[in-house]
Amino acid sequence: MKKCCNSPSRSGNFILKYLAGRNDRNAVIGDIEEEYNAKILSVGLLKAKIWYWHLVTISAFSFIIERFYWRFMMSGNYLKVAFRNLFKYKVFSIINIAGLASGMACCILIGLWILDEMSYDNFHENGDRIFRISEHHLYSDSDLISPITPAPLASYLSENFPDIVETARVFKLGSMLFNYENKRFYENSIILADKSFFQVFSYKYLRKDSENPLSSPNSIVINNSLAEKYFGDNEALGEILKVDGIELTVTGITEDIPLNTEIQFRAVISWSYLDKFSWYDSTEWGSSNNETYVMLDKNSDIFKVENSIRGVIEDHVQGSKSELSLQPIKDIHLYSLTRADTWGAILYVYIFAIIGILIMLIACINSINLTTIRAISRTREIGIRKVTGAYRKQIVSQFLGESLLLSFLSMILAIIISIAVLPVFNEITHKNYYPGNIGNAKVLTILFLVTLCTGLLSGSYPSAYLSALKPDKILRGVTSTGMKKPYLKRVLVIFQFGISIVLIISTLTVYNQVKFMLNKDIGWDKENLVCIRIRGDVRDSYEILKEELLKFKKIKGVTASLYDPAVFIGNTTGIYWDGKNTNENLSVGFNLVDSDFLKTINSDIISGRSFSSDFASDSTNYFIINESLAGYIGKNDVVGSKFTLWQNKGIIIGVVKDFHFQSMRSEIKPCVLLKNIDFLEYIIIRIDPYDNESALKLIRNKWSEILPDYPLDFHFVNESFKSIYQNEVDMSKILRYFTILAVFIACLGLFGLVSFIGERKKKEIAIRKVFGGSVSSIIRLISGEFIFLIVISSLISSPVAYILAAKWLEDFAYKVESGLTFFYLAGLFLLLIAGFTVSFQIVKSANSNPIDSISRE
Amino acid sequence: MFQNVRIERIGEAMKLLSRPEELILLSIWRLQDDAYCIPIRSQVSEITGEDWSLGSVYMPLERLTKKRLIGSFLSDKTPERGGRHKRIYFLTDDGKKALVRIREVESKMWDGIPVHTLETK
């Protein structure tokens, strides 16, 4: 034989090598090569080649048939069987898919919310270099972290610290009256800012009239929607807008800024606007009104900068104890420094992430239980499959595949559900999502992963259990042995209801705390109080307005103060009394009020007297303090003793009973009231409780008569009181929905279980009935186990719930007792719901005619 | 004890040997040390006068291996085959016994039958 390295074809070899499923494929190929070479000698090259390629083709063909066709056929068969089962056990399928889908929908919404919360202020170009300065006040009785810092701080920092390359002050004004020609509206989210504002933050201009529109005095930059509202199609640049009576030139227009930023604004006014106010002093270190943002140099060490600026305030304000620190701008939303700052603290992100996972777990457990019990009736199928040659691997993948199919069906339903409930969700969370948000790549990735995990998790137990069954036993009918002791199922049910109970108790706790805070006797009467913001020259007309309004019977009282009575924002340490320990750095709340303040809000003087317009000297030299402050002063009778607030030396004329003027998270602070009609910000009117409508009408008429330039803009004090607890109210609402959902899903699962057990015990029930068993004994037979499970799960989960509730309540100085009642209530509630769920099925099987069940044999 | 069981089974297996299997078994015995696919194929083709495809040799070889009538090993790599192994087959004891049985049965069946009586004109 001639020396042959005459390989027929490289590609053919490759195919053969791949197709020959044997471990000695080299020997086979060697055989073929040798044969090929022999053929070349005997019949010629062409015929040999034809022979060779014929060989390759037919082996490829049989390979395809073996590997793909049969696999494909089997998958088709699996799919067919899966759908048959889906339709055959309709109740099971509906329960299973509904449970999974509502769990997933809940995950979608929570995921959407969390992603949104995490995205706040991520869009600033220099975001990792921008920080907000926060001041940590250390008082002798308490401490307070505040983002509000003194006005001169910004320029001091940029002049003395080379690492700080840019500073921007932001002063949040709230709502202002805008006036252009005949258009006059109150607009909210108006801020004052330094001219560096747009250099520090990445908000984009649409149009501007100069390089830096905020640098010229009396200029205002408005967003696009305001520009359209006031100027329509006309060019807004260069027009004059009146804001609270002061004329400002529009020098720039920005795009509407995204919702996920903490510096919300619709218009920015240049800083010089503040010069118009007598109370504002740009060199005063002692009072804080604005937020200060700094941008650091690229290479600066944050900790070094933070250390070097720490004591700046202490250096400038004698006797103050406070530390400055830097807060990254991205952290402001999630880790807000002051509680009043915003809703979306990181705490809520965690809470809702956990709730989402728990609800998904409940749904998965449902799916596991339902799939397992349904699969029991499919043991025969598995037996036949095994007998005809199915490997264990194939059975496992069949059942995993089925549960994946189920979870992907649920996913589609979940997307539909979440789009449908999006409006409700928006309302609760005060967000503005639209269905397109769900199409976000991140949300879809999360959803896909959740679906995959759900499918694998819920399919894992049934497939592992079923694939292990021995075919001979199954086919001989000894299958029930496997489920005689369904420990796992019991544990899962206990777990499900445990989670439900924790959620129910949490909901009850939050709900009760909210109710408690909203209804607690706060020491004054917050109902029927109307509050009107004083702006521009309204102050000058206050006396006339008061006089005119008091003429009406339906107006019970008119007064004014610096703060809305629901929240005295101001705190001060500038107080002194004889015998005060000078080292003590006590922080007290204060309010500047008109004479009838205490009478109008209905709080009680316990000693001394209230302010009165009869005493001319009441102004600035006389103080009223609360019980708490009287306790600090410590004398038996403080009325008449000397007291100093800031520069005002005077005497205490009365002590008022402690009333809540700040959030109930903290104890009632010491408080001092001072009569001063020059700094009033709110007019407060008590109206007839029985006829709010006509009283409001009176106010409206009088107002437009006396102050035609200002549209009436009022709110009720009880609304602002409620808004202090907005977080808790929202949380209570959301928790309620999620709890209902969790209980609903758990009950779905329970319903499925009971109907299955009813089905399995059909014959037992029939035989019991034939032998004289009563309906009630049969009900006890089926439901006994579930009552037992629920009792167990409440015993296990109650301590957990108690600890969680106590932890949450720790934040409140005034709180409800989380007594045992809750736990009884939660347990009872769940028992009732579960009882109601199972009763239908149980009564059905208990009342069934024994003949129907037995005669079938 | 196991030995006995196996023999019994092989007795059964022998009954199930197909004609191609029988031929290939015999051909392996004839070729002795050089019994790999190619010579087996050419020998069988030559004797029967039909062209046996490679597949029709592989399949009986596999079946015989499963019935443990033959065994195999990989030869060393040879340069003539482009550095590839050969799979060389040999008869096991059971294979040899099976051949003997077949021979016995065959000859018993032919005993007393003159061949020329079967010839047709």
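The values are calculated or read from the model by the stated rules, or taken from the named source; none is laboratory data. As the structure is a prediction and not an experimental result, all values here were calculated from the model. In this analysis, Cβ positions are derived from the backbone assuming ideal geometry, glycine residues included, and neighbour counts consider all displayed protein chains.
Go through segment A:215-240 and report how many residues are part of a strand (DSSP E or B) and of a type outside the set (A, V, I, L, M, F, W, C).
Residues in segment A:215-240 being part of a strand (DSSP E or B) and of a type outside the set (A, V, I, L, M, F, W, C): 2 in total.
So in segment B:25-43, with the set limited to residues that are touching a Phe, Trp or Tyr at 6+ places or on another chain (Cβ under 9 Å) and surrounded by 18 or more Cβ atoms within 10 Å (Cβ to Cβ), which one is farthest from the other protein chains (Cβ to nearest Cβ)?
B:I28
Give the residues of segment B:44-57 that are crowded, with 19+ Cβ neighbours inside 10 Å and within 13 Å of chain A (Cβ to nearest Cβ), sorted by residue number.
Passing the criteria: B:W52, B:V57.
Six or more apart or on different chains, Cβ atoms under 8 Å: show the pairs whose first residue is in segment A:699-725 and among the basic types (K, R) and whose second is not in a loop (DSSP other than H, G, I, E, B).
A:K702/A:L545; A:K702/A:E548; A:K702/A:L549; A:K722/A:L518; A:K722/A:V729
Restricting to helices (runs of 4 or more DSSP H) lying wholly in segment A:751-857: which have 1 or more residues that are within 43 Å of the chain's Cα centre (by Cα) and of a type in the set (G, A, S)? Don't jump to the end; show me each part of the working.
Details: elements: A:762-770, A:775-809, A:820-847, A:850-854.
In segment A:751-857, the matching helices (runs of 4 or more DSSP H) lie at A:775-809, A:820-847.
Please verify whether B:L61 is away from chain A (no Cβ under 12 Å), surrounded by 12 or more Cβ atoms within 10 Å (Cβ to Cβ) and outside any loop (DSSP other than H, G, I, E, B), treating the condition exactly as stated. I'd like the intermediate steps shown before the answer.
Working: away from chain A (no Cβ under 12 Å): no; surrounded by 12 or more Cβ atoms within 10 Å (Cβ to Cβ): yes; outside any loop (DSSP other than H, G, I, E, B): yes.
In short, no.
If a residue must be of a type in the set (G, A, S) and under 17 Å from A:I190 (Cα atoms), how many such residues does segment A:255-312 contain?
3
Would you be able to tell me the number of residues in segment A:518-541 that are part of a helix (DSSP H, G or I) and buried (at least 18 other Cβ atoms within 10 Å of the Cβ)?
Matching residues across segment A:518-541 total 1.
Show the residue pairs meeting these rules: Cβ distance below 7 Å; 6+ apart or different chains; first residue within segment A:634-660 and touching a residue at least 60 places away in the same chain (Cβ under 8 Å); second residue basic (K, R) and surrounded by fewer than 17 Cβ atoms within 10 Å (Cβ to Cβ).
The qualifying pairs are A:S641/A:K635.
Could you pull out the residue among A:G579, A:G557, A:G574, A:G589 that is of a type outside the set (D, E) and in contact with a Cys (Cβ under 7 Å, 6 or more places away or on another chain)? Don't jump to the end; show me each part of the working.
On the way: A:G579 fails: in contact with a Cys (Cβ under 7 Å, 6 or more places away or on another chain); A:G557 fails: in contact with a Cys (Cβ under 7 Å, 6 or more places away or on another chain); A:G574 fails: in contact with a Cys (Cβ under 7 Å, 6 or more places away or on another chain).
Going through A:G579, A:G557, A:G574, A:G589 in turn, the sole match is A:G589.
Could you grab me the full set of residues in segment A:524-544 that are touching a helix residue (DSSP H, G or I) at 6+ places or on another chain (Cβ under 6 Å) and closer than 13 Å to A:Y682 by Cβ?
A:L529, A:C531
Filtering segment A:16-47 down to residues that are at pLDDT 75 or above, part of a helix (DSSP H, G or I) and surrounded by fewer than 18 Cβ atoms within 10 Å (Cβ to Cβ), which residue is nearest to the other protein chains (Cβ to nearest Cβ)?
Among them, the one singled out is A:A38.
Would segment B:64-86 turn up any residue that is exposed (fewer than 10 other Cβ atoms within 10 Å of the Cβ), in a loop (DSSP other than H, G, I, E, B) and within 14 Å of another protein chain (Cβ to nearest Cβ)?
There is at least one residue in segment B:64-86 that is exposed (fewer than 10 other Cβ atoms within 10 Å of the Cβ), in a loop (DSSP other than H, G, I, E, B) and within 14 Å of another protein chain (Cβ to nearest Cβ).
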